[in-house]
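To start, the structure under review is shown below, and the notes come after it.
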Amino acid sequence: IAKKLGVSKYVVHRVLKAYKESDSYKAGVRSGRPKKLNERDKREILHEIRRDATTPLTTICKTLSTPVSVKTLRTYLRSAGIRSRKTIE
């Protein structure tokens, strides 16, 4: 199997072992810090920005139900594809 797939024997062994233990090839749940913004907060942010693109991020942070920093808000906006709020409609 390893030669046919071009991977090491260890990789094949690890995948088969994981399958036997969980009956699935999917990756398990990973640990990590939970996200600060939930889906409702994200919709609320986008709604506020579409309503008035000139609103300062600090004002938007204060109006949210979940307290977040300006940096968190800016990071989310970038991940949502909003780079500059000057041209948003």
**Message:** Every residue in segment 11-43 that is open to solvent by less than 100 Å² (accessible area, probe 1.4 Å) and either on the phi > 0 side of the Ramachandran plot or polar (S, T, N, Q) (or both), please.
**Reply:** Ser22, Ser24, Gly32, Asn38
**Those residues of segment 1-44 which are of a type outside the set (S, T, N, Q), within 30 Å of Thr72 (Cβ to Cβ), in a loop (DSSP other than H, G, I, E, B) and without any contact (Cβ under 8 Å) to a residue 24 or more places away in the chain, in sequence order** = Lys26, Ala27, Gly28, Val29, Arg30, Gly32, Arg33, Pro34, Lys35
**Prompt:** How many residues are open to solvent by 100 Å² or more (accessible area, probe 1.4 Å) and not aliphatic (A, V, I, L, M) if we restrict to segment 1-10?
**Reply:** 4
**Request:** Of all residues in segment 73-89, count the ones that are part of a helix (DSSP H, G or I) and either open to solvent by 70 Å² or more (accessible area, probe 1.4 Å) or touching a Cys at 6+ places or on another chain (Cβ under 8 Å) (or both).
**Result:** 5
**In segment 45-72, the residues that are assigned to a helix (DSSP H, G or I), over 17 Å from Arg83 (Cβ atoms) and open to solvent by 50 Å² or more (accessible area, probe 1.4 Å)** = His47, Arg51, Thr58, Thr59, Lys62, Thr63
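The values are calculated or read from the model by the stated rules, or taken from the named source; none is laboratory data. Bear in mind that the values here come from a model prediction, so they are computed numbers and not experimental data. Glycine also receives a Cβ, built like all others from the backbone with ideal geometry; neighbour counts cover every protein chain displayed. Ligands, DNA and RNA are stripped out before the accessible areas are found, and what is left, the full protein with its side chains, is counted by its heavy atoms. Shrake-Rupley method; radii C 1.70, N 1.55, O 1.52, S 1.80 Å.
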